[in-house]
Amino acid sequence: PHLDAALVGYLPTPHQLAAFAGLPPQAAPGREQLRALLFPDGRARLLEAVTTPLGRSGFVSLPVFADELARGGDLAARTARGVELAASLGARCVSLAGMIPSLTGYGYDVLRETPATTTALTTGHATTTVSVVKTVNAALDATGRELSELTLAVVGCGSIGTSSLRLLLARGPRSPARLVLCDLPGSGPRLGRLAAELSAEHPTMHIRVVESGRELPAEVYEADVVVTAVSGPTTLLDPDRLRPGTIVVDDSFPHCFDTGRALDRMKNEQDVLVVGGGLLALAATETHVPEDLRNLALASGTGPAATGRHHLPGTLASCRLESLLHAHMTDPARPTPPHGNRTAPPLIHGLVDLPRALAYWNATDLTEVRPAPLHLLDHVIPRSTLDALPPPR
């Protein structure tokens, strides 16, 4: 199919695929069997296309599983071949999924491998930042909370975590009462510099810096709102340790906690809210999957998990939306808006600064992109759970 934009990504591990499909771990499909079935020629391929009001986006998957990304030194070259495939299908802009940006110099290594292509490249991190902040605001609005009265903890102060925090503070009328910054062991000096910058901008906000070991420190579990954006497969956050009334917004892929336990607590206790932060909503979407992939999904019992993604109607992964937004707003065939503003948001290479995050915030507003329904995996949080959430202690 002809594409307007694309996302270049990879497959979750076989065990993650089995978990997404609700299968026991021992039922995980074989790694090499899956690779041979999905990528018979050993090259990247288009696994799905989604038609949206902004155009058509494709998901181009590398023949690589999540736990193989850091092995070898050819990820940038492989990703470049995925970009070239997307370009051959018409994509005018391509974004990068998951860990690919951080493992390829935030896109610069891929740019060096694709000197001949005219297709634009962007990391996807700016729109992901917008998605996290819009989800935090939606969760606060749905539960009647004011951030200025709460303690906010940010776990994982890398590209997404830090840019989301800066955007949240810039868009909010008031800063949180208290802020906890948490990252890997040895990150204290870097977090201290970040804390000093934020203190100068928000002098009334009390900031504490902590480092995590194999478990998160107690200060994180004492927060009222926890934003998590950590790298790699890990169950760092324990849903059972959350205080009643806690809100968690997670943009880790896969999620940095046991999703089954989080869903069980929300269903049985209704005393916490744990949601994903990486989806944005459009007016409508229609997904198209190749026939051979549909047959494979049915035969293996993985269903939609064959692409490693859960689909909520009318939503799109935020990193995927970044390339689609840029392609839409630079399309010469697009009618000029009534106000005459055709300015497209900038391509993202490297870290996301506040002006670029705000540019994508404005672009989502201009194109009527909204936060996705509050959800975890493909479970939309019911109103009864939101109403039952106790006030923070």
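The values are calculated or read from the model by the stated rules, or taken from the named source; none is laboratory data. Just so it is clear, the structure is predicted and the values come from calculations on it, not from any experiment. No Cβ is skipped: glycine too gets one built from the backbone with ideal geometry, and neighbour counts run over all protein chains shown. For accessibility, only protein heavy atoms count, side chains too; no ligands or nucleic acids. Shrake-Rupley method; radii C 1.70, N 1.55, O 1.52, S 1.80 Å.
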* **P391 vs. criteria at pLDDT below 95, open to solvent by 80 Å² or more (accessible area, probe 1.4 Å) and more than 27 Å from V60 (Cβ to Cβ)** => yes
* Structure fact -> All-but-one check, A153 against (1) touching a strand residue (DSSP E or B) at 6+ places or on another chain (Cβ under 8 Å); (2) in the same structural domain as A77 (by the TED database), failing number (2)
* Asked: Got at least one residue in segment 137-145 being closer than 24 Å to L280 by Cα, in the same structural domain as P346 (by the TED database) and either without any contact (Cβ under 8 Å) to a residue 40 or more places away in the chain or in contact with a helix residue (DSSP H, G or I) (Cβ under 6 Å, 6 or more places away or on another chain) (or both)?
  -> no
* Residue count, segment 41-54 (criterion: over 15 Å from V289 (Cα atoms) and surrounded by fewer than 21 Cβ atoms within 10 Å (Cβ to Cβ)) -> 4
* To do: Evaluate segment 19-34: report whether one residue or more is of a type in the set (F, W, Y) and over 23 Å from the mean Cα position of the chain (by Cα).
  => no
* Looking at segment 101-129, which of the residues that are of a type in the set (A, V, I, L, M, F, W, C) and out of contact with any Leu (no Cβ under 7 Å at 6 or more places or on another chain) is nearest to G276 (Cα to Cα)? -> A126
* **segment 61-115, residues that are of a type in the set (V, I, T) and within 22 Å of the chain's Cα centre (by Cα)** => V64, T79, V83, V94, I100, T104, V110
* Asked: Would it be correct to say that T13 is at pLDDT 95 or above and surrounded by fewer than 20 Cβ atoms within 10 Å (Cβ to Cβ)?
  -> no
* Asked: Across segment 347-370, what is the number of residues that are open to solvent by less than 50 Å² (accessible area, probe 1.4 Å) and closer than 30 Å to K267 by Cα?
  -> 1
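Per-residue answers, yes or no, for (1) β-branched (V, I, T); (2) part of a loop (DSSP other than H, G, I, E, B); (3) open to solvent by 20 Å² or more (accessible area, probe 1.4 Å):
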site: R193; (1), (2), (3): no, no, yes
site: A200; (1), (2), (3): no, no, yes
site: V227; (1), (2), (3): yes, no, no
site: S231; (1), (2), (3): no, yes, yes
site: C256; (1), (2), (3): no, yes, no
site: L263; (1), (2), (3): no, no, yes
* Asked: Out of all the residues in segment 75-124, which are open to solvent by 40 Å² or more (accessible area, probe 1.4 Å) and hydrophobic (A, V, I, L, M, F, W, C)?
  -> L85, L89, M99, L103, L111, A116
* **Any hit, segment 318-325, residues being at pLDDT 95 or above and either open to solvent by 10 Å² or more (accessible area, probe 1.4 Å) or outside the structural domain of R92 (by the TED database) (or both)** => yes
* Can you tell me which residues in segment 169-190 are surrounded by 23 or more Cβ atoms within 10 Å (Cβ to Cβ) and farther than 22 Å from E215 by Cβ? -> P176
* Does E222 meet the test of being open to solvent by 10 Å² or more (accessible area, probe 1.4 Å) and either touching a Ser or Thr at 6+ places or on another chain (Cβ under 7 Å) or touching a residue at least 60 places away in the same chain (Cβ under 8 Å) (or both)? -> yes
* Asked: Could you list, in sequence order, the residues of segment 128-168 that are modelled with pLDDT of 95 or more, open to solvent by 10 Å² or more (accessible area, probe 1.4 Å) and outside any helix (DSSP H, G or I)?
  -> G144, R145, E146, T151
